[in-house]
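J.: Quick one: structure below, then a few questions.
The values are calculated or read from the model by the stated rules, or taken from the named source; none is laboratory data. What you are looking at is a predicted structure, and each value in this text was computed from that prediction instead of being measured. Cβ placement follows ideal geometry from the backbone for every residue including glycine, while neighbour counts extend to all protein chains displayed. Side chains included, ligands, DNA and RNA excluded: accessible areas come from the protein's heavy atoms. Shrake-Rupley method; radii C 1.70, N 1.55, O 1.52, S 1.80 Å.
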Amino acid sequence: MSHKKKKTRASFGATAPPFIDYLKEILHRYPDGQILKELLQNADDAQATKVVFVHDERSYGTDSLWTDELRKYQGPALYAYNNAAFSDDDWKGIQMAGRSIKRNDPTTVGRFGIGFNSVYHTTDVPGIFSSGHLGLMDPQEKIFGERVGGWQWSLDNTEDQEALMTLHDQFQPFRDIVSLVSGQQWSKVVMEDQHFDGTLFRFPLRHEASEISDNLYDSHKVAELFSSFIADAELCLLFLKTVTSVSLIHIDVHGVVTTKLKVNCSVPTEVTVESDANSTIESLTRFKLITLNSEDRKETKWLVTTCTMKEGTVENLDLLAKKLSFLPRVDLAFPCGDRRDCSESRLSCFLPLPNNEANKTGLPVYVNACFGLTDNRRHIKWREEDQKHDEHALWNHLLMKEVLPSAYVTIIQDAIKLAQESVLPVSTVYDLWPDIGQVQHKGEWYAVALDVFHLLFKRNVAVLSLATDERQFVTPSEAVLPCNGPASVDMLSAIRRTLVSFGENLVTLTASVGKAIAKAYPQAAALTQVTPTFIRDILRRNDLRNIDKEDKLYLLEYVLGDGQYNELKGLQLLPVSDGSFRSFTDREEDTALIDSNTFPRRPAFNMQRQADGCGQKEIIQGHQH
């Protein structure tokens, strides 16, 4: 006999949280300052080239509406337009909160599934007009009926066409902005084309608390959004794939239109450097011109290198790339002719990450990559104690260790090629080098800088500019490094002229490049450096008759600097009172003019002293120079 009894079963199983709860969680985790960037990301993914943000302070009529419940959404609004039309998948995807249809496409930026939903910081009822439809979304399900989350009008439906044309107050906000940003006429789009070749979002600003948020959005907050975007506008176009123009427009309550910002990016196609076919990376170096028109006009020429690690080069990188659907690619950008402090350079994940200390690298280049980000998308993940096995943190580590150094060496080598072709000033090559002083307290970025130097020196790349012809470069092992001790400008010039005349590979160095060589070059002590000993050896091996008298005196002063007077013998640098020079010998009767702190080069002194070197008594005679 069975003892089983029938009973009412309770619901059991994993379920998704209600959409409103999901939205609240998004708004809690993701700050509203990123809204415009999220929308820009989505536009770039859609392969748009033009984006326009509009802040419209006007309020529209409420007489002819689809339903009275829409009355309170006829006020001021934020708009986002781009010139790419929605596909059928886009219409589906925008309704799939948190389940992005782009998640497995590593070429898209907005793969996170939360980009669009961040707009609920500002609004309760977003509207979308694109391709063949106009839709309003209502997550609170209060406007169009019970359990109805929105409404869509289709341009190929006769009844919907009539509504779009006759409900003037309801659709006037879309009609006005469509005309402003695209130049297209509403009646033609709706009745003739039955297709809008672009996408226009409308976000009526929240002016009373709702179930979604109690964050009220007024004109002041939209102005802050615009100001925040303007601060990063130049960087926003730097690493995007297709968007080349962004504008910010303000319309006041009287309908006066003001363009607050227009930023454009152009890519001159005549100057590009591509990687060798045999390289382990695919690289492309080119220029990008970014022009900002705001209160002032500013144009910056950027040198941008894009490097992708070829499959089969680093196994762990390949495995993670497939698993995470990420690209093993790093972009580096350097502002040419713009002496920026390295402390300004920061990270981008397609768009610039927040401008805080954690996202600043201390490098002279701006770094972009498909990074694994923290949950709030404000920082990249590092392999810290509690994230040793985090795949996103491991991915970032591999990018930094395997891809970024190769990309960095590539941008330096490509800059050298462009400098040799007189496309870039030679100074740019050294400006690109990481500055040890700027990164030494930046942990991970200090390690990256050292990896860059180690790879650069391991490849024995010709990266040092010759003093005799700055557009010629030699490897460190071939170079004669300038002296790093105390010396006057005149003395250094005399040394330079002498070594160049003797055909030595004297190179010019900046202080930071000198530090890099001293810190990271293997067996740096074995490199050839200008020292008193080196100069004495060079002078012994060469004919000094063509060296200027003044230069000889500076050379003498320099070779005396280390106090090794016993090494002077045989040098034809011994000045005598008739203005000629003889070789140093150990004969007492030789006369020498020695300039020192004790006996500066001035007339009116004549005395004798026993020399420390060469074993002779020297007569120091006053001589006007």
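J.: Limited to the range 342-390, what total is found for residues that are in contact with a Gly (Cβ under 8 Å, 6 or more places away or on another chain) and among the β-branched types (V, I, T)?
T.: Residues in the range 342-390 being in contact with a Gly (Cβ under 8 Å, 6 or more places away or on another chain) and among the β-branched types (V, I, T): 1 in total.
J.: Of the residues that sit in the range 73-96 and are over 13 Å from L200 (Cα atoms) and among the hydroxyl-bearing types (S, T, Y), which one is surrounded by the most Cβ atoms within 10 Å (Cβ to Cβ)?
T.: Here the answer is Y73.
J.: Turning to a different aspect of this structure: So which residues in the range 256-272 are crowded, with 18+ Cβ neighbours inside 10 Å and more than 19 Å from the chain's Cα centre (by Cα)?
T.: Of everything in the range 256-272, those that are crowded, with 18+ Cβ neighbours inside 10 Å and more than 19 Å from the chain's Cα centre (by Cα) turn out to be K260, L261.
J.: A follow-up question, please. Mind listing whichever residues of the range 509-551 are touching a Phe, Trp or Tyr at 6+ places or on another chain (Cβ under 7 Å) and in contact (Cβ under 8 Å) with a residue 60 or more places away in the chain?
T.: T510, S512, V513, A516, A520, Y521, P522
J.: Among the residues of the range 496-518, write down those that are outside any helix (DSSP H, G or I) and closer than 24 Å to L450 by Cα.
T.: V507, T508, L509, T510
J.: Among the candidates L404, L418, L398, L456, single out the residue that is among the aliphatic types (A, V, I, L, M), open to solvent by 10 Å² or more (accessible area, probe 1.4 Å) and either closer than 20 Å to N356 by Cβ or in a helix (DSSP H, G or I) (or both).
T.: L398 is the lone residue from the list that is among the aliphatic types (A, V, I, L, M), open to solvent by 10 Å² or more (accessible area, probe 1.4 Å) and either closer than 20 Å to N356 by Cβ or in a helix (DSSP H, G or I) (or both).
J.: Among the residues of the range 33-55 satisfying the criterion of being open to solvent by 10 Å² or more (accessible area, probe 1.4 Å) and in contact with a Lys or Arg (Cβ under 8 Å, 6 or more places away or on another chain), which is nearest to I212 (Cα to Cα)?
T.: Result: Q34.
J.: In this structure, does T259 turn out to be of a type in the set (S, T, Y) and modelled with pLDDT of 95 or more?
T.: For T259, the condition - of a type in the set (S, T, Y) and modelled with pLDDT of 95 or more - is met.
J.: Sticking with this one: Select from the range 377-435 the residues that are of a type in the set (S, T, N, Q) and in contact with a helix residue (DSSP H, G or I) (Cβ under 6 Å, 6 or more places away or on another chain) and write down the one among them that is modelled with the lowest pLDDT.
T.: Ranking the candidates gives Q387 first.
J.: So, one more: Among the residues of the range 241-255, are any over 25 Å from Y73 (Cα atoms), in contact with a Leu (Cβ under 8 Å, 6 or more places away or on another chain) and either in a loop (DSSP other than H, G, I, E, B) or open to solvent by 60 Å² or more (accessible area, probe 1.4 Å) (or both)?
T.: yes
J.: For V109, state whether it is at pLDDT below 65, closer than 13 Å to E38 by Cβ and touching a Phe, Trp or Tyr at 6+ places or on another chain (Cβ under 6 Å).
T.: Criteria met by V109.
J.: While we're here: Can you tell me how many residues within the range 151-178 are free of Cβ contacts under 8 Å to residues at least 40 places away in the same chain and touching a Phe, Trp or Tyr at 6+ places or on another chain (Cβ under 7 Å)?
T.: Residues meeting the conditions: 3.
J.: Right, here's the next one. Filter the range 499-535 down to the residues that are in contact with an Asp or Glu (Cβ under 6 Å, 6 or more places away or on another chain) and within 21 Å of I547 (Cβ to Cβ), then identify the one that is least open to solvent (accessible area, probe 1.4 Å).
T.: The residue in question is P532.
J.: Another question, then. Got at least one residue in the range 129-146 being open to solvent by 10 Å² or more (accessible area, probe 1.4 Å), touching a helix residue (DSSP H, G or I) at 6+ places or on another chain (Cβ under 7 Å), of a type in the set (V, I, T) and modelled with pLDDT of 90 or more?
T.: Scanning the range 129-146 turns up at least one residue that is open to solvent by 10 Å² or more (accessible area, probe 1.4 Å), touching a helix residue (DSSP H, G or I) at 6+ places or on another chain (Cβ under 7 Å), of a type in the set (V, I, T) and modelled with pLDDT of 90 or more.
J.: For I436, work out the one condition from (1) within 30 Å of T508 (Cβ to Cβ); (2) surrounded by 23 or more Cβ atoms within 10 Å (Cβ to Cβ) it doesn't fulfil.
T.: All conditions pass for I436, except number (2).
J.: Quick one: in the range 461-495, which of the residues that are among the charged types (D, E, K, R) and part of a helix (DSSP H, G or I) is least open to solvent (accessible area, probe 1.4 Å)?
T.: Only one residue fits best here, namely D490.
J.: When the range 42-89 is examined, which residues are found to be of a type in the set (A, V, I, L, M, F, W, C), in contact with a strand residue (DSSP E or B) (Cβ under 9 Å, 6 or more places away or on another chain) and farther than 22 Å from S247 by Cα?
T.: W66, L70, listed by residue number.
J.: Can I ask one more? Would a scan of the range 363-376 turn up a residue that is free of Cβ contacts under 8 Å to residues at least 12 places away in the same chain, more than 27 Å from K458 (Cβ to Cβ), over 16 Å from the mean Cα position of the chain (by Cα) and open to solvent by 10 Å² or more (accessible area, probe 1.4 Å)?
T.: Yes, because at least one residue in the range 363-376 is free of Cβ contacts under 8 Å to residues at least 12 places away in the same chain, more than 27 Å from K458 (Cβ to Cβ), over 16 Å from the mean Cα position of the chain (by Cα) and open to solvent by 10 Å² or more (accessible area, probe 1.4 Å).
J.: When you scan the range 214-231, do you find a residue that is β-branched (V, I, T), in a strand (DSSP E or B) and surrounded by fewer than 22 Cβ atoms within 10 Å (Cβ to Cβ), even just one?
T.: Within the range 214-231 (the criterion being β-branched (V, I, T), in a strand (DSSP E or B) and surrounded by fewer than 22 Cβ atoms within 10 Å (Cβ to Cβ)), the answer is no, since none of the residues qualifies.
So that you can scan it fast, the table gives a plain yes or no per residue for (1) of a type in the set (S, T, Y); (2) modelled with pLDDT of 90 or more:
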{"site": "L539", "(1), (2)": "no, yes"}
{"site": "D562", "(1), (2)": "no, no"}
{"site": "V576", "(1), (2)": "no, no"}
{"site": "R582", "(1), (2)": "no, no"}
{"site": "T598", "(1), (2)": "yes, no"}
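J.: How many of the residues in the range 537-566 are within 20 Å of A487 (Cβ to Cβ) and either of a type in the set (A, V, I, L, M) or open to solvent by 60 Å² or more (accessible area, probe 1.4 Å) (or both)?
T.: Matching residues across the range 537-566 total 17.
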